[in-house]
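Remarks on the structure that follows.
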Amino acid sequence: MSERLDVKKTYKLLVNGAFPRSESGRSYPVMSAGGDFLANVAQGSRKDLRDAVVAARSAQSKWWAASAYNRGQVLYRWAEMAESRGAELAEHVRVAEGLAAKDARASVARAIDRLVWYAGWTDKVAQVLGGANPVAGPFFNFSLPAPSGVVAVVADQDSSLEGFVECVAAPICVGNAVVAIASERRPTPAITLAEMTVTSDLPAGVLNVVSGVTSELAPHLVVHEDVDGVDLTGAGAAGDDLARRAAASIKRVYRPRDDENPLRRLRSFVETSTVWHTIGQ
Amino acid sequence: MSIAPLRPIEIRDRGVLVPALIAVPGFRDEGELRRFVGALSGVDAVGVEGRVAKLATRSLKKSTKATAIDLAISMVDLTTLEGADTPGRVSSLCAKAMRPDPADATVTSVAAVCVYPDLVALARSSLGDSPVAVASVATAFPSGRASLEVKLLDVRDAVSAGADEIDMVIDRGAFLAGHWGRVFDEIVAVKAACGAAHLKVILETGELVTYDNVKRASWIAMLAGADFIKTSTGKVGVNATLPVALVMLEAARDFAETTGRVVGVKVAGGIRTTKDALRYLVVVNETAGDAWLDPACFRFGASSLLNDLLMQRRKQRTGAYVRPDEYSGD
Amino acid sequence: MTDLTLSSRLGALPYDPAPESATLAHLRQSYGLFVNGEFTAPESHEQFASLNPATEEPLASVAMASPLDVDRAVVAARRAYDKVWSKTTGTERAKYLFRIARLIQERARELAVVETLDNGKPIRESRDVDVPLAAAHFFYYAGWADKLEHAGFGPNPRPVGVAGQIIPWNFPLLMAAWKLAPALAAGNTCVLKPAETTPLSALVLAEILQQADLPEGVVNIVTGDGTTGAALVDHPGVDKIAFTGSTDVGRLIQERAGSAKRLTLELGGKGANIVFEDAPIDEVVEGIIDGIFFNQGHVCCAGSRLLVQESVADEVLRRLLRRVDQLRVGDPLDKNTDVGAINSSAQLDRIRELTSWGEREGATRYTSSCALPDKGYWFAPTVFADVSQSHRIAREEIFGPVLSVLTFRTPEEAVAKANNSKYGLACGVWSEKGSRTLWVAQRLRAGVIWANTYNKFDPTSPFGGVRESGFGREGGRHGLEAYLDV
């Protein structure tokens, strides 16, 4: 009796709630930290990014129109899904990052806890970042945070799951839609986590994940005029150049710093909108 | 709570039915009046107050100031409305109205003297054939709390004694209760009783409180036939204010553009200084325009204002400030 | 109600000239660079003239700062930061700012005249808006200096270091205040570069900083042109750039600064002023006027696109045109002037160029019948009706007294049209219906939304744009973020 042949998974893109192969038809081999072949992963193209930005733009207004309570529930649901498939995620992280199983499990636990943390932020952001302004005149004046819109993320290259969660959950929790380029060498934890959004009621298009060659993809995203902000966490040495290119359409640019303020990433993709209204009989 | 009648209310004067809402084209009943007046655009208090604050910074110098002071003098309704009024006070007021500055014949007479009905005859005879008109408050001034019969009698009494102008008060209670038809009909009735006399309708804006109310009441009064709309009796806490005047002038301007009939505006109560008066004239100048820069269409109901105008007028000419005692206390 | 059966001439009572005295400005003939607490000659000894745009006559000569001068200023700011300002307690910094606020109030009349002479704006505005708001900004941020740990950015927020600040010519003193006050409160030192055509009020402010005994080098003011600004942006000793100006220059600055320097940009706009049929019509007309003719329309947040509901469009336009014709254009020093001079011949050319496109593309032009002075740079208040979304005058920032009127039918259409712009700085919404106003406000992509008012500013109220109108906020608690390492 022969051994059962296992069913290999094809890792595809996540665009608008669906899992297409790259329109280019390309894929690239992804290796484990130990150098073994893991999978052929879809190698996204400029056109995949274009489709993802269209999807994100269309999803963003709906996502923002949902109540903050609802957005929190959806993100928490995502954390629930991740928890229930925690072992699978841990295995991905272990293989991708070359960690001991215990450390991989701990990393997944931290990633899920961060999702929960962000889930709880959705309905606090307005109170913490917004407020009433006591202007000298007969006006009611209040400032509220609003999402920047579509945020492009060059996800952390090394921290395949935790880093990815940090990069995408922060902008999503404040109402943005995201087009993320997954870690080039370690994409499978991110792709697996992203798959779970489809069973978490996250509206299609709010999170789009494109795997592929970062140096090929990122330059297209930072000059895409319908992208409002970019997180260059995983851009490495190319970050300076990408940041300059983002200037063409005055994008908000996030780059990590040492001694990070825990809310800076979240604040980076929030716009303050201030409304004045007359007060009179 | 009562429901506003949708049929015209009947107003009888000495048993005769007074043509009221029915007689005014366009309004068959109170409902139609409410729909029309209620559809007027609202007034934003902050915007109105901001606008007058900006207009109050206008700087009137030299010949502009001289022209404006003379215009203001010609627009004064020199007023005495006290329980203590006597024939002597009224006749000296009339003398002042005709010749405000005894030392300067170039000073124009004021527009009118304004008195209670029982003093109209005296004022009339004191003024002789001068161009100064006699205005009389009527309709149970200042509260207006009397039956229509009594109000109309009050009006007829003043008119028959020689009043050229009648300053009536609206029924603020009815207005605030939403009985706009009653307010309207009462004005129509008073207008009829005025005969040839001009009718000024006092809105008592201090009791209407909101600018929306001021605007609506202005329209109701104008639609009902007012020749003038007037801010205040001078007998309540809040009298004429610049923002209220602005709202009324805008209403009069819009009414004139709609109907072709120019209704005057009178501001009354609390206007004591030349500076105050000039600010009103700036508002007139820049919001209603030159049709209202005329005593036929704009008045100041005041008493002490006149002396200040005279002092400022002389100061403009001589360059020296004037001793208040130069002018009579009337 | 559009039948004009009566014509009453507005403004028929002419106002005699009521000019403020130009001598109150007490301008010097020549100004150096304010570096390290004193006025110094530029390294090149090159000077240029600042003109009065209302007369085209020179007001004073100011120094042209070269890259070497900018370097001197940055070095002075760095030294002041390291040696003095970073060691000055919040309480002491606060007192310096309160002092500056008071000195601005004391010299308010002088500053207003200087601003009007140099910029061309009406004295009524410099006196009642620019100068009092500048003082208020210092007063407001003074209070923050010793309360930064309560500002919501963590327990011990640190300053950024040396801030390079480049400001525009439309509100010269006020923009200097917007930049300096939060930067100093947060503990930074500054190198401020005023606009080429309006350097004078910042130089008077430098005198005020001296009077306030602000430690030398904490604020340095380098006058010059675009090359001076570029030298500041490129200087490696500058930790942060704050820029207010055009989107084109902002883009260049963002490119040059990359991510090596902190950056906040307050750029252009094409603000939509949305008027619903239930709006308070007379206040609407005033709001439209304030929105586009305030400061000759030289306002990044100007309500330069009027979006009016079709059902009231004719009525609003009729009243608007009557009002536009009444605007008093002329001598900026005259207290009764409503619209002053265009700031420069270059700006006048740009306004003329864009308005000529308005006619070419088929919009209907109304121009105020006001008389314009012979000398100086002037542009009569202008309204374009029948403008469509695709016209250049509906898309590009004119930065002048020119309004484009478009119409809409439903709230959704109004929002769609308002958002159909690469900019997103400010919008107006006019309606008596609160729920709809808030519905619209929620959907407008703009940093500032004025409901039943326009062009209101306050030091406590954050100001700034989205999309190509820039990023970062000035004013309020939010305004501190740009100057804190958080």
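Restricting to the range B:248-290, and then to whatever is part of a helix (DSSP H, G or I) and small (Gly, Ala, Ser), can you tell me which residue is nearest to B:Val43 (Cα to Cα)? Steps first, please.
So in the range B:248-290, the residues part of a helix (DSSP H, G or I) come out as B:248-259, B:274-288, B:290.
Next, only the ones that are small (Gly, Ala, Ser) stay: B:251-252, B:256, B:277, B:288.
Numbers: B:Ala251: 11, B:Ala252: 15, B:Ala256: 19, B:Ala277: 24, B:Ala288: 16 Å.
Across the range B:248-290, the extreme among qualifying residues is B:Ala251.
Every residue, every condition in (1) modelled with pLDDT under 95; (2) farther than 25 Å from A:Tyr118 by Cβ; (3) surrounded by fewer than 17 Cβ atoms within 10 Å (Cβ to Cβ); (4) not hydrophobic (A, V, I, L, M, F, W, C), yes or no:
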position: A:Gly17; (1), (2), (3), (4): no, no, yes, yes
position: A:Gly34; (1), (2), (3), (4): yes, yes, yes, yes
position: A:Ala59; (1), (2), (3), (4): no, no, no, no
position: A:Trp63; (1), (2), (3), (4): no, no, no, no
position: A:Met81; (1), (2), (3), (4): no, no, no, no
position: A:Ala90; (1), (2), (3), (4): no, no, no, no
position: A:Arg94; (1), (2), (3), (4): no, no, no, yes
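Filter the range C:122-156 for residues that are surrounded by fewer than 20 Cβ atoms within 10 Å (Cβ to Cβ), within 14 Å of another protein chain (Cβ to nearest Cβ) and part of a loop (DSSP other than H, G, I, E, B) and give the result. Selection gives C:Ala151, C:Gly152, C:Gly154, C:Pro155, C:Asn156.
Might you check whether a residue that is without any contact (Cβ under 8 Å) to a residue 24 or more places away in the chain and within 28 Å of C:Gln29 (Cβ to Cβ) occurs anywhere in the range C:57-78? Working first, answer last.
Kept after step one, since they are without any contact (Cβ under 8 Å) to a residue 24 or more places away in the chain, are these residues of the range C:57-78: C:57-58.
Adding the requirement that they be within 28 Å of C:Gln29 (Cβ to Cβ) leaves C:57-58.
Yes; the residues of the range C:57-78 include at least one that is without any contact (Cβ under 8 Å) to a residue 24 or more places away in the chain and within 28 Å of C:Gln29 (Cβ to Cβ).
Are any of the residues in the range C:73-94 within 14 Å of chain B (Cβ to nearest Cβ) and modelled with pLDDT of 95 or more? No, the conditions are met nowhere in the range C:73-94. For the range B:303-330, residues that are closer than 22 Å to B:Val132 by Cα and either assigned to a loop (DSSP other than H, G, I, E, B) or touching a strand residue (DSSP E or B) at 6+ places or on another chain (Cβ under 6 Å) (or both) total 6.
Of all residues in the range B:304-330, those satisfying the criterion of being touching a helix residue (DSSP H, G or I) at 6+ places or on another chain (Cβ under 9 Å) and among the hydroxyl-bearing types (Ser, Thr, Tyr) are B:Tyr321, B:Tyr327, B:Ser328.
Could you list all residues from the range C:438-462 that are within 7 Å of chain A (Cβ to nearest Cβ) and either more than 11 Å from A:Ser273 (Cβ to Cβ) or not small (Gly, Ala, Ser) (or both)? Answer for the range C:438-462, where residues must be within 7 Å of chain A (Cβ to nearest Cβ) and either more than 11 Å from A:Ser273 (Cβ to Cβ) or not small (Gly, Ala, Ser) (or both): C:Val448, C:Ile449, C:Trp450, C:Ala451, C:Asn452, C:Thr453, C:Lys456, C:Asp458, C:Thr460, C:Ser461, C:Pro462. Scanning the range A:258-279 for residues that are assigned to a loop (DSSP other than H, G, I, E, B) and either on the phi > 0 side of the Ramachandran plot or at pLDDT below 95 (or both) yields a total of 6. Yes or no: C:Ile342 assigned to a loop (DSSP other than H, G, I, E, B), among the β-branched types (Val, Ile, Thr) and surrounded by 20 or more Cβ atoms within 10 Å (Cβ to Cβ)? Considered against the rule, which asks whether it is assigned to a loop (DSSP other than H, G, I, E, B), among the β-branched types (Val, Ile, Thr) and surrounded by 20 or more Cβ atoms within 10 Å (Cβ to Cβ), C:Ile342 comes out as yes. Note on the range A:258-281: among residues that are without any contact (Cβ under 8 Å) to a residue 60 or more places away in the chain and more than 18 Å from the chain's Cα centre (by Cα), the one that is farthest from A:Leu232 (Cα to Cα) is A:Gln281.
If you go through the range C:324-339 and keep only what is closer than 22 Å to C:Leu306 by Cα and surrounded by fewer than 22 Cβ atoms within 10 Å (Cβ to Cβ), you end up with C:Asp325, C:Gln326, C:Leu327, C:Arg328, C:Asp338.
Does B:Met75 count as without any contact (Cβ under 8 Å) to a residue 60 or more places away in the chain and either under 21 Å from the mean Cα position of the chain (by Cα) or within 14 Å of another protein chain (Cβ to nearest Cβ) (or both)? Taking the combined requirement at face value, the residue does not satisfy it. When B:Ala103, B:Ala97, B:Ala84 are checked against the criterion of being free of Cβ contacts under 8 Å to residues at least 60 places away in the same chain, surrounded by fewer than 16 Cβ atoms within 10 Å (Cβ to Cβ) and aliphatic (A, V, I, L, M), a single residue qualifies: B:Ala84.
Residue by residue, here is whether (1) more than 28 Å from A:Arg252 (Cα to Cα); (2) more than 14 Å from chain C (Cβ to nearest Cβ); (3) aromatic (Phe, Trp, Tyr); (4) in contact with a strand residue (DSSP E or B) (Cβ under 6 Å, 6 or more places away or on another chain) holds:
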residue	(1), (2), (3), (4)
A:Arg94	yes, yes, no, no
A:Ser107	yes, yes, no, no
A:Val116	no, yes, no, no
A:Ala119	no, yes, no, no
A:Pro147	no, no, no, no
A:Val153	no, yes, no, yes
A:Asp156	no, yes, no, no
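Being within 30 Å of C:Gly11 (Cα to Cα) and either among the small types (Gly, Ala, Ser) or in contact with a Gly (Cβ under 8 Å, 6 or more places away or on another chain) (or both) holds for only one residue in C:Val383, C:Val387, C:Val405, and it is C:Val387. Taking the condition more than 7 Å from chain A (Cβ to nearest Cβ), of a type outside the set (Lys, Arg), in contact with a Pro (Cβ under 8 Å, 6 or more places away or on another chain) and under 30 Å from C:Asp239 (Cβ atoms), does C:Glu474 pass? When the stated conditions are applied, C:Glu474 passes them. Please verify whether B:Val262 is surrounded by fewer than 24 Cβ atoms within 10 Å (Cβ to Cβ), touching a helix residue (DSSP H, G or I) at 6+ places or on another chain (Cβ under 9 Å) and within 11 Å of chain C (Cβ to nearest Cβ), treating the condition exactly as stated. Criteria met by B:Val262.
The lone criterion from (1) facing chain C (nearest Cβ under 10 Å); (2) among the hydrophobic types (A, V, I, L, M, F, W, C); (3) more than 23 Å from C:Ser246 (Cβ to Cβ) left unmet by A:Val213 is number (1). Pairs linking a residue in the range B:34-53 that is facing another protein chain (nearest Cβ under 8 Å) and within 28 Å of B:Phe184 (Cα to Cα) to a residue that is among the hydroxyl-bearing types (Ser, Thr, Tyr) and part of a helix (DSSP H, G or I), with Cβ atoms under 7 Å and 6 or more positions apart or on different chains, are B:Val43/B:Tyr211; B:Ala45/B:Tyr211; B:Val48/B:Tyr211.
Let's see how each residue does on (1) modelled with pLDDT under 95; (2) within 12 Å of chain C (Cβ to nearest Cβ):
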| position | (1), (2) |
| --- | --- |
| B:Ala256 | yes, yes |
| B:Val267 | no, no |
| B:Arg272 | no, no |
| B:Asp276 | no, no |
| B:Arg279 | no, no |
| B:Val282 | no, yes |
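Annotation note: of C:Ser8, C:Ser44, the sole residue that is within 14 Å of another protein chain (Cβ to nearest Cβ), assigned to a loop (DSSP other than H, G, I, E, B) and among the hydroxyl-bearing types (Ser, Thr, Tyr) is C:Ser8. Confirm whether B:Leu306 is of a type outside the set (Lys, Arg) and touching a Lys or Arg at 6+ places or on another chain (Cβ under 9 Å). In short, yes. When B:Ser130 is tested against the conditions (1) more than 22 Å from B:Phe184 (Cα to Cα); (2) out of contact with any Lys or Arg (no Cβ under 6 Å at 6 or more places or on another chain); (3) surrounded by 16 or more Cβ atoms within 10 Å (Cβ to Cβ), the lone failure is (3). Here C:Ala94 passes the criteria (1) of a type outside the set (S, T, N, Q); (2) touching a residue at least 12 places away in the same chain (Cβ under 8 Å); (3) closer than 30 Å to C:Ile281 by Cβ except the one numbered (3).
The values are calculated or read from the model by the stated rules, or taken from the named source; none is laboratory data. The structure presented is a predicted model; accordingly, all values stated were derived computationally and were not measured. Neighbour counts are summed over all protein chains in view; Cβ atoms, including those assigned to glycine, are modelled from backbone coordinates with ideal geometry.
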